[in-house]
Amino acid sequence: MSSVVSTPVVVIGAGPYGLSVAAHLRARGVRVRVFGEVMSSWCDHMPAGMCLKSAPEASSLAAPVPGFTLADFCVAEGAPELRGNQVVPVELFVRYGRWFQERLVPGVDPGRVCRVERSGGSGGRFRVGLGSGEVVEAAAVVVASGLTSFSYVPPELAAAAPGGPAPGGAVSHSSQHRDLSGFAGRSVAVVGGGQSALEGAALLHEAGAEVTVLVRGTARFGSPPKEPPAGLGSLVPRPRSPLGPTWRIYPFSHAAGLFRYLPAPARIRLVKRVLGPLGAWWLRDRVVGRVPVLDGHRVVRAVAGGGAVALSVAGPGVGELRVDHVLAATGYRVDLARLGFLSPDLLGGVRTVGGWPWLSGSFESSVPGLFFVGLPAAGAFGPVMRFVCGAGLAARRVSAAAGRGVGAAAGWAG
């Protein structure tokens, strides 16, 4: 018979959002159990050599006390401090996340959550079942399980991988790779035009693969940082935003709490368009002139056979492309059913709009006590939730709700 223990709050996920929320809960004296491998999405689902798109000052987890930023970690480890627009290697970021966890969120359980359901009807506590057979009862559950469950491969590519995308198959998703060196000497079509596609193409090329990038629209790169203006121009206020130094982006990071008051169609449209597919400025020199990037090309059919993949492509100049492998850097789509652990009753109780959960100002769903942070919260709080820097807002609001009494927050985004 499985054992049952009790705790006020369970956090599912031990990445930047889960660790930030748990650290704030602990600082408020709220007992919390955290489940998941620490920084696993960053360690196991992103290729070696990758760098964060965010600048160093926007790449810190949210701590309830000073002394735990990425810069603090670099000082503590004796590593060179990253400044300005220097890039943050993923390996450094993983080490930082583990350092943060060891000091602020000790005792993370690497166990896998298999099921979350209500005990005693819709008004009862949650029962969180683990792969080990242990059952944990909690008054609140915070879902901070990252991006991996929401990886998206378009149907026209998925048709060439009937058993599902896999690194060793004909088609894979960009989130399925830790090491791209195995593609040396092979031909790879990268489908997509965002950071994952363009950086994946650069890493593949640098590993010795023959790479072609297919982009529906136009591959774009961010603008390099500008020197501060001189003279009278220095008197003009300049926006400081973790998402970019422009006034157009400023509200999405500094007023994310107001985003949920926009009409639902406007929210969904902005989440899709703002900070859409774009390569980092520092990536341009590793791609342009080194890797063929075919703008305006869309894959309409993919057929695997004979150890290769034949792609039918709509676009100027290319009708068919035959490659050894297709890397689908085609992003993520929120579908709560794909989490795999929410019971049918809980799924049915979560109100959604366009697939995104409706959330209160405290990140609480329409199921009292069930919170979502990270990417699923972008539909209510905007594109900042796709980045590490959004963890601060989530951690403060979720922990405050738990401190008042979990489930007390009111007011739905819809």
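The values are calculated or read from the model by the stated rules, or taken from the named source; none is laboratory data. No experiment lies behind these values; they were computed from the predicted model shown. Virtual Cβ from ideal backbone geometry, glycine too; neighbours counted across all protein chains shown. With ligands, DNA and RNA removed, areas are computed over all heavy atoms of the protein, side chains included. Shrake-Rupley method; radii C 1.70, N 1.55, O 1.52, S 1.80 Å.
Every residue, every condition in (1) touching a residue at least 12 places away in the same chain (Cβ under 8 Å); (2) among the β-branched types (Val, Ile, Thr); (3) in a helix (DSSP H, G or I), yes or no:
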residue	(1), (2), (3)
Cys43	yes, no, yes
Pro47	yes, no, no
Val65	yes, yes, no
Phe73	yes, no, yes
Ala79	yes, no, no
Glu91	yes, no, yes
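Does Val274 meet the test of being at pLDDT below 95 and over 22 Å from Thr218 (Cα atoms)?
Considered against the rule, which asks whether it is at pLDDT below 95 and over 22 Å from Thr218 (Cα atoms), Val274 comes out as no.
Considering only segment 149-177, how many residues are of a type in the set (A, V, I, L, M), closer than 11 Å to His325 by Cβ and surrounded by fewer than 20 Cβ atoms within 10 Å (Cβ to Cβ)?
Number satisfying all stated conditions: 1.
Condition first: surrounded by 19 or more Cβ atoms within 10 Å (Cβ to Cβ) and polar (S, T, N, Q). Now tell me which residues in segment 109-148 satisfy that.
If the condition is that a residue be surrounded by 19 or more Cβ atoms within 10 Å (Cβ to Cβ) and polar (S, T, N, Q), then Ser145 is the only one that fits.
Would you mention how many residues in segment 261-274 are under 20 Å from the mean Cα position of the chain (by Cα) and open to solvent by 20 Å² or more (accessible area, probe 1.4 Å)?
Final tally of qualifying residues: 5.
Any residue at all in segment 132-154 that's farther than 30 Å from Gly369 by Cα and either at pLDDT 95 or above or of a type in the set (Val, Ile, Thr) (or both)?
yes
Considering every residue within segment 178-194, establish whether at least one is open to solvent by 30 Å² or more (accessible area, probe 1.4 Å), modelled with pLDDT of 95 or more, in a loop (DSSP other than H, G, I, E, B) and under 16 Å from Val326 (Cβ atoms).
Yes, segment 178-194 has at least one match.
Residue check, Glu57 against (1) modelled with pLDDT of 95 or more; (2) out of contact with any Gly (no Cβ under 8 Å at 6 or more places or on another chain); (3) part of a helix (DSSP H, G or I), all met but one. Which one?
(1)
If I filter segment 23-40 down to residues being assigned to a helix (DSSP H, G or I) and open to solvent by less than 30 Å² (accessible area, probe 1.4 Å), which single residue comes out as farthest from Gly84 (Cα to Cα)?
Going through the qualifying residues, I end up with Leu25.
Only one residue in Gly67, Gly49, Gly84, Gly13 is open to solvent by less than 60 Å² (accessible area, probe 1.4 Å), under 16 Å from the mean Cα position of the chain (by Cα), of a type outside the set (Asp, Glu) and at positive phi. Which one?
Gly13
For segment 275-382, please list each of the strands (runs of 3 or more DSSP E) lying entirely inside it that holds at least 2 residues being open to solvent by less than 40 Å² (accessible area, probe 1.4 Å) and without any contact (Cβ under 8 Å) to a residue 60 or more places away in the chain.
The strands (runs of 3 or more DSSP E) meeting that bar are 308-314.
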